[in-house]
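Structure first, commentary second.
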Amino acid sequence: MRLDAITQWDARASLALQARRTRAMNALCQALSWSGAGGVWFGAAAVLWWAQRAGREFVPGQATLLAGMTGAFATLLVGGLLKRAVGRRRPFVADVGVRAAIWAPGPSRSFPSTHAATSVCLATALLASGHPLARWTAAWAVGVSFSRVWLGVHYVSDVLGGAALGVAFGVLPWAQVLR
């Protein structure tokens, strides 16, 4: 499939989802999207890291969760570099008729979706380690990824590219890296 065919398909998919938007679904997708934002990640990781250092475990398998979050941070950094290199315009500024239903930074930073990349990385890392929260995290990652397309700030191919990056980083041995 050629790049222009992917771009056309992406635009059609985004417009089709936009035509189905409802207030309730927008609110759900906005909450999912914000839950996958960098500030939330940094805050949660800081609390868990502090707790770990103090010998407290707030969630089961906290060390494994922190290792997966480390992978997600690495994914965020690489995804950010890829976004700058690719420079793809977001759907809501690409003159295809898509309106954003949430604020998004950087009109030309669409590929790959770092929300998808980081959430999928964490889910992959937890699934690979057999973590007790793995299934919940995987469901959340699917929701975060879908929300980015639903809200008009990413194309389907941005999310798929981000998810592929997330899987690639999620299978790395982050627990060993932290040691």
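Answer yes or no: is there a residue in the stretch 52-67 that is in contact with a Lys or Arg (Cβ under 7 Å, 6 or more places away or on another chain), under 30 Å from residue 129 (Cβ atoms) and not β-branched (Val, Ile, Thr). No, that holds for no residue.
Considering the stretch 153-179 alone, what residues qualify as being touching a Phe, Trp or Tyr at 6+ places or on another chain (Cβ under 6 Å) and crowded, with 24+ Cβ neighbours inside 10 Å?
If the condition is that a residue be touching a Phe, Trp or Tyr at 6+ places or on another chain (Cβ under 6 Å) and crowded, with 24+ Cβ neighbours inside 10 Å, then 158 is the only one that fits.
When 42, 58 are screened for being surrounded by fewer than 16 Cβ atoms within 10 Å (Cβ to Cβ) and not in a helix (DSSP H, G or I), only 58 passes.
Reported count of residues in the stretch 52-92, each being touching a helix residue (DSSP H, G or I) at 6+ places or on another chain (Cβ under 8 Å), of a type in the set (A, V, I, L, M) and under 20 Å from residue 37 (Cα atoms), is 9.
Condition test on residue 75, is it modelled with pLDDT under 90 and of a type in the set (Ser, Thr, Tyr)?
no
With respect to the conditions (1) at pLDDT below 95; (2) surrounded by 20 or more Cβ atoms within 10 Å (Cβ to Cβ); (3) of a type outside the set (S, T, N, Q); (4) not in a loop (DSSP other than H, G, I, E, B), residue 109 lacks only one, and its number is (4).
The values are calculated or read from the model by the stated rules, or taken from the named source; none is laboratory data. In this text, all values refer to a predicted model and were calculated from it rather than measured experimentally. Please note: Cβ atoms are built from the backbone with ideal geometry, for glycine as well, and neighbour counts cover all protein chains shown.
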